[in-house]
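A.B. asks: Provided herewith is a single structure, encoded as structure tokens, for subsequent inquiry.
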């Protein structure tokens, strides 16, 4: 009861009432100012011998422990949001002395560690907080995010599932789980997670469908993303794992575009190439040539696909739009190869002279694309003439790729990607035992290599 005989309780009630009102009005500075008298009283009680706030509140006239703990939590939250590290550190020390480990204070300390880039410390603090308060979905969500950033996808998935069990109707938790599943290569789990949403993020949905091999459905979903000009519905919460949308400027007209939309357009082109939908890609290329507002990365990717399909003229037209952009080295390499295919040696030599020494890798990659286009054209002409080609189109290229990757693995034996790509080429050539050995080496170097593990499971199932 707030009487003159209990001034501490009266001060506590008044300070908390004013602080909570200021908190609801988002007046964080006023929240801290209102709690100052109460915090000073707690400090004084801490330093006074024989006086305890945590116990004996009725006999000593001190405020009840749950009130003082709530005040410390509220002050710590306001200090964190205001960026006042000294005040936050004071609240954390006071809370640790008075109440031991508190889930709310540990949560705030973990968020501060994330801001400072100390992700391992943040994960440890989040685990301790989740052990104290296992029924808080925000703690589980933070723990899932930190585990995913550290590459511990199994632990991240378990934490995200625990958060969904606590709040099954919270859409952002399902999006979080789907993002983690996409990063872990568990696309079926991601599709199941967002399957309960009325309007899931279209870009995330498209990537999960593509990962599951449902390429035609993924292309349709990418169409939705590009037609709506938004990678996610405005009503749908973005996952904290996903980076904020990046605004990039188109080089020729200064037009701002969303990087997510550029990535979506490029991924859609990749799927059309995998599907072998030549007519759709050619129609898209013809439309892009006349559009001056497209991003150069998109145009260069289309030019690469055109070169793969043997469309050298369209390749030159698309890459020529990017000669003065950030993608100029790739564009010049493509123009050089395509011009050689067209018999335009002067243009090809002029583009090669503009390439620097460090761009020779791009030129070699473009030459491989041109060689593939020539082989496919030769095979197609043989079939049209009624004769069968004597050699597979891919076999010489895969054999040469195995030789190059074998040399690279000898020079960089701890590079898991080289062993994985070598295993891919060996498997395509039917040399499964050598492919399995290369995959074992890749998995010893990087046990969490999802693509290598998936290919190893495929080879075992086919054996």
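A.B. asks: So, of the residues in segment 407-429 that are loosely packed, with under 15 Cβ neighbours inside 10 Å and in contact with a helix residue (DSSP H, G or I) (Cβ under 7 Å, 6 or more places away or on another chain), which turns out to be nearest to residue 365 (Cα to Cα)?
C.D. replies: This residue is 412.
A.B. asks: Anything in segment 294-323 that is in a loop (DSSP other than H, G, I, E, B) and either closer than 15 Å to residue 352 by Cα or in contact with a strand residue (DSSP E or B) (Cβ under 8 Å, 6 or more places away or on another chain) (or both)? List them, or say none.
C.D. replies: 295, 323
A.B. asks: Can you tell me which residue among 122, 113, 133, 181 is out of contact with any strand residue (DSSP E or B) (no Cβ under 7 Å at 6 or more places or on another chain) and more than 24 Å from residue 74 (Cβ to Cβ)?
C.D. replies: 181
A.B. asks: Next question, about the same structure. Could you please find all residues in segment 1-42 being at pLDDT below 70, within 22 Å of residue 99 (Cα to Cα) and surrounded by fewer than 14 Cβ atoms within 10 Å (Cβ to Cβ)?
C.D. replies: none
A.B. asks: Going by what's in this entry, would residue 274 be described as at pLDDT below 80, under 29 Å from the mean Cα position of the chain (by Cα) and surrounded by fewer than 16 Cβ atoms within 10 Å (Cβ to Cβ)? So that I can check it myself, show each step before the final result.
C.D. replies: On the way: at pLDDT below 80: no; under 29 Å from the mean Cα position of the chain (by Cα): yes; surrounded by fewer than 16 Cβ atoms within 10 Å (Cβ to Cβ): yes.
Considered against the rule, which asks whether it is at pLDDT below 80, under 29 Å from the mean Cα position of the chain (by Cα) and surrounded by fewer than 16 Cβ atoms within 10 Å (Cβ to Cβ), residue 274 comes out as no.
A.B. asks: Is it true that residue 360 is at pLDDT below 75 and within 22 Å of residue 451 (Cβ to Cβ)?
C.D. replies: Taking the combined requirement at face value, the residue does not satisfy it.
A.B. asks: Can you say whether residue 76 is closer than 30 Å to residue 446 by Cα and either in contact (Cβ under 8 Å) with a residue 40 or more places away in the chain or buried (at least 23 other Cβ atoms within 10 Å of the Cβ) (or both), as far as the supplied structure shows?
C.D. replies: no
Conditions tested, residue by residue: (1) more than 21 Å from residue 23 (Cβ to Cβ); (2) crowded, with 21+ Cβ neighbours inside 10 Å.
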{"residue": "70", "(1), (2)": "no, no"}
{"residue": "90", "(1), (2)": "no, no"}
{"residue": "117", "(1), (2)": "yes, no"}
{"residue": "127", "(1), (2)": "yes, no"}
{"residue": "140", "(1), (2)": "yes, yes"}
{"residue": "145", "(1), (2)": "yes, yes"}
{"residue": "175", "(1), (2)": "yes, yes"}
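A.B. asks: Given the structure, is residue 314 within 30 Å of the chain's Cα centre (by Cα) and either modelled with pLDDT of 85 or more or crowded, with 22+ Cβ neighbours inside 10 Å (or both)?
C.D. replies: Numbers: within 30 Å of the chain's Cα centre (by Cα): no; either modelled with pLDDT of 85 or more or crowded, with 22+ Cβ neighbours inside 10 Å (or both): yes.
No, not satisfied.
A.B. asks: Name, by its number, the condition in (1) within 31 Å of the chain's Cα centre (by Cα); (2) outside the structural domain of residue 369 (by TED's automatic domain parsing) that does not hold for residue 279.
C.D. replies: Evaluating residue 279 over (1) within 31 Å of the chain's Cα centre (by Cα); (2) outside the structural domain of residue 369 (by TED's automatic domain parsing) leaves (1) as the failure.
A.B. asks: Might you let me know whether segment 56-74 holds any residue that is at pLDDT 70 or above, in a helix (DSSP H, G or I), closer than 12 Å to residue 31 by Cβ and under 36 Å from the mean Cα position of the chain (by Cα)?
C.D. replies: yes
A.B. asks: Do we find that residue 95 is at pLDDT below 90 and crowded, with 18+ Cβ neighbours inside 10 Å in this structure?
C.D. replies: yes
A.B. asks: Looking only at segment 173-203, how many residues end up being farther than 20 Å from residue 273 by Cα and outside any loop (DSSP other than H, G, I, E, B)?
C.D. replies: Selection size over segment 173-203: 21.
Conditions (1) surrounded by 19 or more Cβ atoms within 10 Å (Cβ to Cβ); (2) more than 28 Å from residue 213 (Cα to Cα); (3) modelled with pLDDT of 85 or more, marked per residue:
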residue	(1), (2), (3)
242	no, no, no
251	no, yes, no
280	no, no, yes
283	no, no, yes
289	no, yes, no
298	yes, no, yes
302	yes, no, yes
305	yes, no, yes
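A.B. asks: What pairs come up if the first residue lies in segment 346-361 and is within 12 Å of residue 330 (Cβ to Cβ), the second is modelled with pLDDT under 85, and their beta carbons are under 9 Å apart, counting only those six or more places apart or on different chains?
C.D. replies: Hits for this filter: 351/323; 355/362; 355/363.
The values are calculated or read from the model by the stated rules, or taken from the named source; none is laboratory data. Not measured: the values here are computed from a predicted model. Cβ atoms come from the backbone with ideal geometry, glycine included; neighbour counts cover every protein chain shown.
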